[in-house]
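Asker: The following block contains the structure, expressed as structure tokens.
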Amino acid sequence: MTPVQQSMREILEAESRAILNIPVTDGYDKAVDLIVANVVGKGGKLVTSGMGKAGQIAMNIATTFSSTGIPAVNLHPSEAQHGDLGILQPDDIMLVISNSGKTREIMELITLTHVLYPQIPIIGITGNPTSPLAEMTDVLLPTGGAPEVCLLGLTPTTSTTMMTVIGDVLVVNVMRRTGFSRADYAKRHHGGYLGHVSQTKDKTATE
């Protein structure tokens, strides 16, 4: 086995352990309830946000929700302070991500959101359950805080993997709660391979 292959095996094992150690809590039930209540029940939307690599995960979560029947947008926390906060509406719900739970821009975004619409619920994903973010959220979804596989222990690697998985858990369970169907998916996804397959009864169909 080459050094790269050995490293690959170690990384796969480390990230697999990290995923399996994500705390399973009733926070997920509460988060799903809130998303369905605000978006489906009240006609609001899901607004996701994060800085840096966490922001990229937040954007991915928003686009995945949008394609599965939950209107969602990603709000950059810095741009929010320059007018983009106006995208918020009273019945929205916010999902914010910060591995440290101390990201200044996210803390400020939550504060500004509550000034504009105090009733907007905040769901937080973080690796630090005792952080300032944890104190500011209505529902906390901790990642478990596993160390990064980066050789320096700094580059977001394992943490972003766990954030992505938590997003998947939310998406799949909201789909289950709303009864989102293959036909519903096809109405929202017309192009490419997935659009073709979703509109074809035979799940093995190819382009």
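Asker: When MET1 is evaluated against the numbered criteria (1) among the aliphatic types (A, V, I, L, M); (2) out of contact with any strand residue (DSSP E or B) (no Cβ under 9 Å at 6 or more places or on another chain); (3) at pLDDT 95 or above, which criterion, by number, is the only one it fails?
Answerer: Tallying (1) among the aliphatic types (A, V, I, L, M); (2) out of contact with any strand residue (DSSP E or B) (no Cβ under 9 Å at 6 or more places or on another chain); (3) at pLDDT 95 or above, MET1 fails exactly one: (3).
Asker: Now for a separate question. Here is a check on your reading of the model: is SER66 touching a strand residue (DSSP E or B) at 6+ places or on another chain (Cβ under 6 Å), open to solvent by 30 Å² or more (accessible area, probe 1.4 Å) and over 30 Å from ARG17 (Cβ atoms)? Give the derivation first.
Answerer: On the way: touching a strand residue (DSSP E or B) at 6+ places or on another chain (Cβ under 6 Å): yes; open to solvent by 30 Å² or more (accessible area, probe 1.4 Å): yes; over 30 Å from ARG17 (Cβ atoms): yes.
Yes; evaluated as a whole, the condition is true for this residue.
Asker: On the basis of being over 24 Å from ARG176 (Cβ atoms) and surrounded by 17 or more Cβ atoms within 10 Å (Cβ to Cβ), does GLY50 make the cut? Walk me through it before giving the result.
Answerer: Values: over 24 Å from ARG176 (Cβ atoms): yes; surrounded by 17 or more Cβ atoms within 10 Å (Cβ to Cβ): yes.
Against the criterion (over 24 Å from ARG176 (Cβ atoms) and surrounded by 17 or more Cβ atoms within 10 Å (Cβ to Cβ)), GLY50 qualifies.
Asker: Would you mind telling me which numbered condition in (1) of a type in the set (A, V, I, L, M, F, W, C); (2) in a loop (DSSP other than H, G, I, E, B); (3) surrounded by 13 or more Cβ atoms within 10 Å (Cβ to Cβ) VAL24 fails?
Answerer: Single failed check for VAL24: (3).
Asker: Every residue in the stretch 1-21 that is in a loop (DSSP other than H, G, I, E, B) and open to solvent by 90 Å² or more (accessible area, probe 1.4 Å), please.
Answerer: Here is the first cut: in the stretch 1-21, the residues in a loop (DSSP other than H, G, I, E, B) are 1-2, 21.
Scanning the stretch 1-21 gives MET1, ASN21.
Asker: Are there any strands (runs of 3 or more DSSP E) wholly within the stretch 86-181 with 3 or more residues that are open to solvent by less than 10 Å² (accessible area, probe 1.4 Å), and if so which?
Answerer: Numbers: elements: 93-97, 122-126, 139-142.
Answer list for the stretch 86-181: 93-97, 122-126.
The values are calculated or read from the model by the stated rules, or taken from the named source; none is laboratory data. Bear in mind the structure is a predicted one, so any value in this text is a computation, not a measurement. For neighbour counting, all protein chains shown are included, and Cβ atoms are generated from backbone atoms with ideal geometry for every residue, glycine included. We work out accessible area using only protein heavy atoms, side chains counted, and drop any ligands, DNA or RNA first. Shrake-Rupley method; radii C 1.70, N 1.55, O 1.52, S 1.80 Å.
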